[in-house]
Each structure stands twice: as C-alpha cells, then as structure tokens.
Amino acid sequence: MKIAILDAKTLGADIDLSPIEALGEVAIYDLTAPEEVYDRIEDVDVVIVNKVVLNQSNLEGAKNLKLIALFATGFNNIDLEYAKKREIGVANVAGYSSKSVAQHTFAMLFHLLEQLSFYDSYVKSKAYTQSDTFAYIAKPFYELTDKTWGIIGMGAIGKEVARLAEAFGTKVIYYSTSGHNQNTGYECVDLETLLTSSDVISIHAPLNNKTENLIGYEALCKMKASSILINVGRGKIIDEVDLAKALKEDRIRGVALDVLAEEPIHATHPLYEVDESKWFVTPHIAWASVEARQTLVREVVGNIEAFTRGEMRNRLV
C-alpha cells in the first residue's frame, strides 16, 4: 500500500509517525504547495492530509487513490462530491482533541481574567523589587464563582467546557447554532439571552451558513461591558473588524482567540490597533496537546486499517 502524508509539519516534529509508516510504503512531506499535490498523489492508494485542499483538479490524476484520511475533524478542504463520484473513501477523526481544546479555553480565559501578562511583566521587570508592600494589586481580577458562562455550540468540546466551568461554580447556559441540540442537561437559550446574560462566552461551533459572522458589532454591543469572549471554534464566526471596534469602545472587557478568519494573522489585522491588554491570540494550537496529537495518529492508523477491512469506521464518504 502506497501512502502519502502531504503536510506532516502541521502535526509537529515531536510526534511519532512510525505507526503510519508500518502500514506500507509511506512518503512524508512536511508541506505541499497546491501545484505539488497532483504529482505527489498520482500513484498512491491513501493520502493523509490536514489542511491541504483536495479537489477534482488534483484528484482526477490519482487513479489508484482509495482513501483520503484526515488528520482533522473538519473536512472543508475536501471535495466530498467528487470523492463520492470516484468512490474514494474519506475518513476524519472526531473527538480526539476535546480535552485539549477545553483546557486551552480555560488557559486563555485566565490569562485575561487574572491579568497574568501584566503581573508577570511587573515581576520580571524587577519593579516588584521596589514595592513597599508585599502585594501589588494595580489591575483588578475576578472570580468565576456565581458568574454565568454562555456556550455557543454544545457538542463534545462544549460539554467538556461546561463540565469544567461548573466545577468553578458558574451557571452554564448555551445556544444551539443548529437548533437541534436540546438534550444536554444545561439550559438552552436564544442567542440574545446568551449575549446579554453571560460573563464569559466561549464559541465551540462549526463554521457554516448559520454561524459565519454570527458575532458582529450588534451582537458584541449586547454583551456585558465586563464580559470576556473566547473563540476556539472557527475564525469567521466572529467579524474581526467589528470585534476590534467593539474593543476600542470598551463594549466588552476582552477577547481570547485561537482561530482567525485568515491564518496566519496578517500584519494589518485590526486587532493590532487595539490595546494589547484587551486581546489574546494563540496560533491555532488549542487542539494540539501532545496527547491529542498522539491520539490523532492512532486514530488515522485505525481508520486506514478499518478501510482495508471494508469497515465504515469514521467514514464521511
């Protein structure tokens, strides 16, 4: 079996790919430019990708291709209709990063809520060595207990965040972007109620025609001025121009983002014009704990092995 991994670098250099190499003849490419895809998959049986776009223009030459195995849950980069037409299997991995993303959600929240960057800089600058008191409380921070946490998208990650949020004594409410998720054990509310009631709002929803630009200027103005917004779902769920405007006007206290409309971030992104204490961005890493990435490799191996046995494990197509 010939296998090609087209963007291994996105998984990190510290992750062992030998379980995949044991499956057959494996070509590993750190990254693959769009114009390189056609040649690299021309004679393979299985192609493994994370963010590389696979569509008719590059798939039509892959005459031996039987399976597209995703190093991801999302499949926006795959032309599923063409894969179905060609009877090429497509398998993703769901749920591998729920704990990693939930943990990162809290890490970003506490960075803003506790003003950690400010206090860290205060000590490392040696300003604390000149303090006339043992405690320096220049910027206030707050407890989560008795606050309301609003979750947009109550899937596996949303439920894990809700479980952890309850441990901190928060009331959890949620908005179902699909309108179908009504049986989670938490109170389901409409979007306006969630926006106006929540002290913390975290986004864990997929990007689709119902969620794109869901949070724009009007929505941001409905939020509490003391609230914190977190997005670990998809970047385009928030209108980032409107977000920057709202932050400048103190419509909300702060925002933490692990995803952006375009990645990497542009040097001219509107957030660079906002007071840096109000925003915190990580470079799309919430999913990427060591444990989550190791699980991802194991699951991809399982998907390939199952496919060779004719099983429908994690198959989208």
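The values are calculated or read from the model by the stated rules, or taken from the named source; none is laboratory data. Just so it is clear, the structure is predicted and the values come from calculations on it, not from any experiment. Virtual Cβ from ideal backbone geometry, glycine too; neighbours counted across all protein chains shown. For accessibility, only protein heavy atoms count, side chains too; no ligands or nucleic acids. Shrake-Rupley method; radii C 1.70, N 1.55, O 1.52, S 1.80 Å.
Among the residues of region 30-39, which ones are farther than 13 Å from K51 by Cβ and surrounded by 11 or more Cβ atoms within 10 Å (Cβ to Cβ)? Let's see the steps before the verdict.
Taking region 30-39 first, the residues farther than 13 Å from K51 by Cβ are 35-36, 38-39.
Correct list: E36, Y38, D39.
Counting only residues that are touching a Gly at 6+ places or on another chain (Cβ under 8 Å) and of a type outside the set (V, I, T), how many does region 211-233 have?
Total satisfying the criteria: 2.
Quick check on this structure: which one of L229, L257, L296 is closer than 25 Å to V101 by Cα and touching a Phe, Trp or Tyr at 6+ places or on another chain (Cβ under 6 Å)? If you could, list the steps in order and put the result at the bottom.
Working: L229 fails: touching a Phe, Trp or Tyr at 6+ places or on another chain (Cβ under 6 Å); L257 fails: touching a Phe, Trp or Tyr at 6+ places or on another chain (Cβ under 6 Å).
From the options L229, L257, L296, the qualifying one is L296.
Conditions: (1) in a loop (DSSP other than H, G, I, E, B); (2) buried (at least 16 other Cβ atoms within 10 Å of the Cβ); (3) modelled with pLDDT of 95 or more. V317 meets all but one. Number of the miss?
Just one mismatch for V317, condition (3).
Which residues, taken from region 44-92, are touching a residue at least 40 places away in the same chain (Cβ under 8 Å), more than 27 Å from the chain's Cα centre (by Cα) and surrounded by 22 or more Cβ atoms within 10 Å (Cβ to Cβ)?
V44
Return a yes/no flag: does region 89-105 have any residue that is over 30 Å from A162 (Cα atoms) and at pLDDT 95 or above.
Just the residues of region 89-105 that are over 30 Å from A162 (Cα atoms), to begin with: 89-90.
Restricting the remaining residues to those that are at pLDDT 95 or above gives 89-90.
Within region 89-105 (the criterion being over 30 Å from A162 (Cα atoms) and at pLDDT 95 or above), the answer is yes, since at least one residue qualifies.
Residues E305, E276: which one is surrounded by fewer than 18 Cβ atoms within 10 Å (Cβ to Cβ), over 15 Å from M108 (Cα atoms) and out of contact with any Cys (no Cβ under 8 Å at 6 or more places or on another chain)? If you could, list the steps in order and put the result at the bottom.
Values: E276 fails: over 15 Å from M108 (Cα atoms).
Going through E305, E276 in turn, just one is surrounded by fewer than 18 Cβ atoms within 10 Å (Cβ to Cβ), over 15 Å from M108 (Cα atoms) and out of contact with any Cys (no Cβ under 8 Å at 6 or more places or on another chain): E305.
Within the group S227, S198, S176, S131, which residue is without any contact (Cβ under 8 Å) to a residue 24 or more places away in the chain and closer than 23 Å to F106 by Cα? Full working, then the answer.
On the way: S227 fails: without any contact (Cβ under 8 Å) to a residue 24 or more places away in the chain; S198 fails: without any contact (Cβ under 8 Å) to a residue 24 or more places away in the chain; S131 fails: closer than 23 Å to F106 by Cα.
Going through S227, S198, S176, S131 in turn, the sole match is S176.
If you go through region 182-203 one residue at a time, do you hit one that is within 21 Å of the chain's Cα centre (by Cα) and open to solvent by 50 Å² or more (accessible area, probe 1.4 Å)?
No, the conditions are met nowhere in region 182-203.
If I go through region 154-163 residue by residue, how many of them are touching a Ser or Thr at 6+ places or on another chain (Cβ under 8 Å), surrounded by fewer than 24 Cβ atoms within 10 Å (Cβ to Cβ) and at pLDDT 95 or above?
3
Are any of the residues in region 293-302 at negative phi, of a type in the set (S, T, N, Q) and surrounded by 20 or more Cβ atoms within 10 Å (Cβ to Cβ)?
Here is the first cut: in region 293-302, the ones at negative phi are 293-302.
Filter once more, so that each one left must be of a type in the set (S, T, N, Q): 294-295.
Next, from what is left, pick out any that are surrounded by 20 or more Cβ atoms within 10 Å (Cβ to Cβ): none.
Checked against the condition, which is being at negative phi, of a type in the set (S, T, N, Q) and surrounded by 20 or more Cβ atoms within 10 Å (Cβ to Cβ), region 293-302 yields no hits at all.
Looking at the structure I just gave you, is A102 of a type in the set (A, V, I, L, M, F, W, C), over 20 Å from the mean Cα position of the chain (by Cα) and assigned to a helix (DSSP H, G or I)? Show your work before the answer.
Working: of a type in the set (A, V, I, L, M, F, W, C): yes; over 20 Å from the mean Cα position of the chain (by Cα): no; assigned to a helix (DSSP H, G or I): yes.
Criteria not met by A102.
In region 101-126, how many residues are free of Cβ contacts under 8 Å to residues at least 40 places away in the same chain and touching a Phe, Trp or Tyr at 6+ places or on another chain (Cβ under 8 Å)?
Going through region 101-126, the residues free of Cβ contacts under 8 Å to residues at least 40 places away in the same chain turn out to be 107, 110, 114, 116, 119-126.
Filter again for touching a Phe, Trp or Tyr at 6+ places or on another chain (Cβ under 8 Å), leaving 114, 116, 119, 122.
The number of residues fulfilling the criteria is 4.
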